[in-house]
Amino acid sequence: MNGMGVTYPLGFRAAAVEAAVKKPGRNDLAIIVSDCPCAAAAVFTRNLFAAAPVLYSRRIIEQDGSVRAIVVNSGNANAGTGETGLRDAESMATLTGSGLGIGKDEVLVASTGVIGRPMPMDRIAAGIGKACAVLARDGGGAGADAGLDVARAIMTTDTVEKIASRTVSGREGEIRIGGICKGAGMIHPDMATMLAFLTTDAALSSDVLHPMLRRAADKTFNAVSVDNDMSTNDSAFLLANGAAGDVDLEAFEATLTDLCRELALKIVADGEGATKVVMIEVTGARTDAEAALAADAVATSMLVKTALNGNDPNWGRILAAVGRSGAVIDTGRIRIELAGFPLFEKGLPTEADLAEVSTRMKAKEVRIRVEIGLGTGSRTVYTTDLSREYVSINADYTT
């Protein structure tokens, strides 16, 4: 089931092809299509240098019409490309719509890859034609293989595809939700993640989908960080075609959030150069917002992340990050745990066996807990360690 992703819900098909956007040898262009019109919702990057496909797709979503398809490429972000980039994004929608027999305003566009390079539109157009031809065949683009192919086609520095599926009971039978995402570097979202595509056969209006996707993203995609950098291309799309009927909204949102959390954690686990997933749990803040400040400060601290990579139980770096976070604190009330060991409480360090803490930090999953002791606010975020490999990957990304 998990291998199907976006093709798991009824009425969704997909095709991935090689367009040689950046270089030949792999699928790098894909189309996801619904057999019937969909209500749609999206969240986008808040980066002021938003890429052309973000600007184009944001306009389509704001029109609040039906959506039938998503066209996406990897290898080129189409960001920092001016008016030409906007025309190219619209051309991708026009070509896809023409090939599928739908309107261009029923097509969302997404891109990921290198910033500031012109789109190779001749190769993009040929790839869209090939993908549409696959989807035009009887039953073309259905099933698990198609969903997996699309998840792989959107990868850049990812080492594994990120794909998930869920079911929830509907009023007329089983409701399905499927999703894929990509991301390993430039991950510190303020909307969703690098790219995420979610599909469902539930009958839901866009008025319901928009706030639901926002809430799910805030709890999952917006709670992960790999390297503190927000992309110009972050986009998450949710399409609902209604093929399986009505569903209880509370149950659906809980299931959607659970699926998004699985995808978000796969991003962290695949973080560039990462050797471990780190959960940072802050409790006892005056408000949830202050807890988020403290959690993000720890998650984005280069000193904390390098200590995690070296299995160094340097709790002082955690303390310092919380202290500069902007959250209100009382230094005599804070308690810090690392890898299950209390290291600081009541204003003083504990007598923990630091050698044993270091040994525990070698695990693939490490937990940091910070109890502030001033209220009921809480926030949990996920991050990675910072390794030498991360530097190597990003030192020659375009060369």
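Contact annotation: residue pairs with Cβ atoms under 8 Å, 6 or more positions apart or on different chains, pairing a residue in segment 292-317 that is basic (Lys, Arg) with a partner that is open to solvent by 20 Å² or more (accessible area, probe 1.4 Å) and in a helix (DSSP H, G or I), are Arg317/Leu303.
Each residue in segment 59-87 was checked for being assigned to a helix (DSSP H, G or I), farther than 17 Å from Phe49 by Cα and open to solvent by less than 40 Å² (accessible area, probe 1.4 Å), and 2 pass. For Leu55, the requirement of being in a loop (DSSP other than H, G, I, E, B), under 25 Å from Leu263 (Cβ atoms), modelled with pLDDT of 95 or more and open to solvent by 40 Å² or more (accessible area, probe 1.4 Å) is not met.
State all residues of segment 248-272 that are within 23 Å of Ala363 (Cβ to Cβ) and not in a helix (DSSP H, G or I); if no residue qualifies, say none.
Let us first name the residues in segment 248-272 that are within 23 Å of Ala363 (Cβ to Cβ), namely 261-272.
The answer is Asp270, Gly271, Glu272.
Across segment 318-340, the number of residues qualifying as within 11 Å of Arg369 (Cβ to Cβ) and either open to solvent by 50 Å² or more (accessible area, probe 1.4 Å) or in contact (Cβ under 8 Å) with a residue 60 or more places away in the chain (or both) comes to 2. Taking the listed residues Val277, Val322, Val298, Val304, the one that is touching a Phe, Trp or Tyr at 6+ places or on another chain (Cβ under 8 Å) and of a type outside the set (Ser, Thr, Tyr) is Val277, with no other qualifying.
Condition check for Tyr382 on (1) assigned to a strand (DSSP E or B); (2) within 19 Å of Val268 (Cβ to Cβ); (3) modelled with pLDDT of 95 or more: one failure, at (3). Checking each residue in segment 128-139 for being open to solvent by less than 10 Å² (accessible area, probe 1.4 Å) and either under 20 Å from the mean Cα position of the chain (by Cα) or small (Gly, Ala, Ser) (or both) picks out only Ala131.
Residues in segment 292-310 that are open to solvent by 40 Å² or more (accessible area, probe 1.4 Å) and farther than 14 Å from Ser358 by Cα: Leu293, Asp296, Met302, Leu303. Within segment 6-44, the only residue that satisfies the criterion of being surrounded by 24 or more Cβ atoms within 10 Å (Cβ to Cβ) and modelled with pLDDT under 95 is Val43.
Can you pull out the residues in segment 46-77 that are without any contact (Cβ under 8 Å) to a residue 60 or more places away in the chain and out of contact with any Leu (no Cβ under 8 Å at 6 or more places or on another chain)? Scanning segment 46-77 gives Leu48, Arg58, Arg59, Glu62, Gln63, Gly65, Ser66, Asn76. Report yes if some residue within segment 211-220 is open to solvent by less than 10 Å² (accessible area, probe 1.4 Å), within 27 Å of Ala20 (Cα to Cα) and either at pLDDT 90 or above or outside any loop (DSSP other than H, G, I, E, B) (or both); otherwise report no. Within segment 211-220 (the criterion being open to solvent by less than 10 Å² (accessible area, probe 1.4 Å), within 27 Å of Ala20 (Cα to Cα) and either at pLDDT 90 or above or outside any loop (DSSP other than H, G, I, E, B) (or both)), the answer is no, since none of the residues qualifies. Taken over segment 141-175, the residue count meeting the criterion of being of a type in the set (D, E, K, R), surrounded by fewer than 24 Cβ atoms within 10 Å (Cβ to Cβ) and touching a Leu at 6+ places or on another chain (Cβ under 9 Å) is 2. Scanning segment 145-162 for residues that are touching a helix residue (DSSP H, G or I) at 6+ places or on another chain (Cβ under 7 Å) and at pLDDT below 90 yields one hit, Thr157.
Against the conditions (1) part of a helix (DSSP H, G or I); (2) touching a Cys at 6+ places or on another chain (Cβ under 8 Å), Asn241 satisfies every one except (1). Quickly run through segment 81-99 and pick out the residues that are touching a strand residue (DSSP E or B) at 6+ places or on another chain (Cβ under 6 Å) and among the hydrophobic types (A, V, I, L, M, F, W, C). Selection gives Ala89, Met92, Ala93. Could you list, in sequence order, the residues of segment 341-399 that are closer than 27 Å to Gly75 by Cβ, surrounded by 13 or more Cβ atoms within 10 Å (Cβ to Cβ) and aliphatic (A, V, I, L, M)? Leu386, Ile393, listed by residue number.
Among all residues of segment 108-127, there is at least one that is within 30 Å of Leu10 (Cβ to Cβ), surrounded by 17 or more Cβ atoms within 10 Å (Cβ to Cβ), among the β-branched types (Val, Ile, Thr) and at pLDDT below 95.
The values are calculated or read from the model by the stated rules, or taken from the named source; none is laboratory data. Predicted model, so just to flag it, every value in this text is computed and none were measured. Methodologically, a virtual Cβ is constructed for each residue, glycine included, from the backbone with ideal geometry; neighbour enumeration extends over all protein chains shown. For the accessible areas, the whole protein counts, side chains as well, though only heavy atoms, and no ligand, DNA or RNA atoms are used. Shrake-Rupley method; radii C 1.70, N 1.55, O 1.52, S 1.80 Å.
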